[in-house]
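Visitor: Sharing a structure here in structure tokens format.
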Amino acid sequence: MIEKKWLEQGFIDEPIPEKTDIKAEIRRMCQEKNALIMAHYYTEGVIQELADFVGDSLALAQKAATTDADIIVMCGVHFMGETNKILCPEKTVLIPDLNASCSLAESCPADEFEQFVKAHPGHTVISYVNTTAGTKAVTDVVVTSSNAKQIVDALPKDTPIIFGPDWNLGNYINGLTGRKMVLWNGACHVHEKFSVEKILQLKKEHPTAKILAHPECKGPVINIADKVGSTAALLKYSIVDEAQEFIVATESGILNEMKKSAPQKTFIPAPPDDSTCACNECNYMKLITLSKLYNCLKYEWPTIEVQPELARKAIKPIHKMLEISKQLGL
Ligand code: 13P
Ligand code: SF4
């Protein structure tokens, strides 16, 4: 029975009996229920270690579209689970804490975005995957940071485009492609905070370090980066590049996989501009904890639900993204 208190708070905090081997129990429940745990690179290391699949937003959507699991447990933020549910309406999609939102998705309310779209007739609407189902429903093609440039490039040069909600990503792609996409003014509260001054100070202390930046960062940070890319692209670069030190301007959870993949290299999290803390964390991703994951699998709740009519509209631009990505070999 799902308690009223849990419904109100959006997660289950039932105490786990002492001496429970939580990780072993989670794995046992996954096997018993044919459940697949997917995690984003920004979640806690312990969650990534337990997951069946860890990836960036594009890889997580691609995996959801092909898995034969009966239950998908999305250890990430709500829009990622919602994308999974839209792609797999017949499956149970769980998220350990319904409060795991995303400031970018929140910066683009569907009704306001719809008005914006209406104010620009004749434009192709491109939305970043970090959006709600409602925003996707008024979108022509969804993109992630792994495929945004290639998808924009694939459209005829004279196509007028609206891009939302991340202004920094849109502005970066305008620069790369020479387009003049109309940009929605949204931002990620984590990536906006990286400080160029502090990164340059770190660079002085580590002159051979390469700077890695996610395209959600502001222009001045992107301009000093040696590599700009999605979480998966930054990870790959850190493995194959000859540099031994990297200053990483994205959410610090990615350092877990970077250190694991190249243990001989040094990874330094880029600091935000407004605190004494050394790294920049996404408070939403960090809501996903081991005990919430355990209870979520045990009770098969919280589930992510999407109204069928909304899902019917939102699936089209997601399918379009997956199709184009496949054609482009991404
Ligand atoms: P990626 O698509 O690069 O994994 O990014 C997701 C995200 O939320 C970045 O803040
Ligand atoms: Fe959203 Fe930013 Fe968190 Fe990514 S890091 S999930 S864009 S709030």
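Visitor: Restricting the search to the stretch 196-227, which residues are part of a loop (DSSP other than H, G, I, E, B), farther than 17 Å from residue 267 by Cβ and either of a type outside the set (Asp, Glu) or more than 14 Å from ligand 1 (Cβ to nearest atom) (or both)?
Guide: 215, 218, 224
Visitor: Same structure, new question: Could you say which residue among 68, 13 is part of a loop (DSSP other than H, G, I, E, B) and under 28 Å from residue 330 (Cβ atoms)?
Guide: Being part of a loop (DSSP other than H, G, I, E, B) and under 28 Å from residue 330 (Cβ atoms) holds for just one of 68, 13, which is 68.
Visitor: So which of 125, 141, 77, 129 ends up being farther than 23 Å from residue 284 by Cα, within 16 Å of ligand 1 (Cβ to nearest atom), at pLDDT 95 or above and not polar (S, T, N, Q)?
Guide: Only one candidate passes the filter, namely 141.
Visitor: Six or more apart or on different chains, Cβ atoms under 7 Å: show the pairs whose first residue is in the stretch 241-265 and within 16 Å of ligand 2 (Cβ to nearest atom) and whose second is β-branched (Val, Ile, Thr) and not in a strand (DSSP E or B).
Guide: Listed by first residue and then by second, the contacts come to 248/254; 249/199; 249/221; 250/231; 251/190; 253/43; 254/231.
Visitor: Identify the residue in the stretch 271-303 that is charged (D, E, K, R) and closer than 18 Å to residue 102 by Cα and, among all such residues, is modelled with the lowest pLDDT.
Guide: 281
Visitor: Here's another thing I want to ask about it. Looking at residue 324, is it in contact (Cβ under 8 Å) with a residue 24 or more places away in the chain and within 18 Å of the chain's Cα centre (by Cα)?
Guide: Answer is no for this residue.
Visitor: On to the next question. Within the stretch 92-195, which helices (runs of 4 or more DSSP H) (wholly inside it) include 3 or more residues that are under 25 Å from residue 273 (Cβ atoms)?
Guide: The helices (runs of 4 or more DSSP H) meeting that bar are 103-106, 167-177.
Visitor: Tell me which residues, restricted to the stretch 147-167, are surrounded by fewer than 22 Cβ atoms within 10 Å (Cβ to Cβ) and touching a Leu at 6+ places or on another chain (Cβ under 9 Å).
Guide: 149, 150, 151, 153, 154, 167 - these are the residues of the stretch 147-167 that are surrounded by fewer than 22 Cβ atoms within 10 Å (Cβ to Cβ) and touching a Leu at 6+ places or on another chain (Cβ under 9 Å).
Visitor: Is there any pair with a first residue in the stretch 51-75 that is within 16 Å of ligand 2 (Cβ to nearest atom) and a second that is in a helix (DSSP H, G or I) and acidic (Asp, Glu) whose Cβ atoms are under 9 Å apart and which are 6 or more apart or on different chains, and what are they?
Guide: Correct list of pairs: 54/257; 74/82.
Visitor: Take the conditions more than 16 Å from ligand 1 (Cβ to nearest atom), free of Cβ contacts under 8 Å to residues at least 12 places away in the same chain and either surrounded by fewer than 18 Cβ atoms within 10 Å (Cβ to Cβ) or assigned to a helix (DSSP H, G or I) (or both) and apply them to residue 25. Does it pass?
Guide: Answer is no for this residue.
The values are calculated or read from the model by the stated rules, or taken from the named source; none is laboratory data. In this text, all values refer to a predicted model and were calculated from it rather than measured experimentally. As a convention, Cβ positions derive from the backbone with ideal geometry for all residues, glycine included, and neighbour counts pool all protein chains shown.
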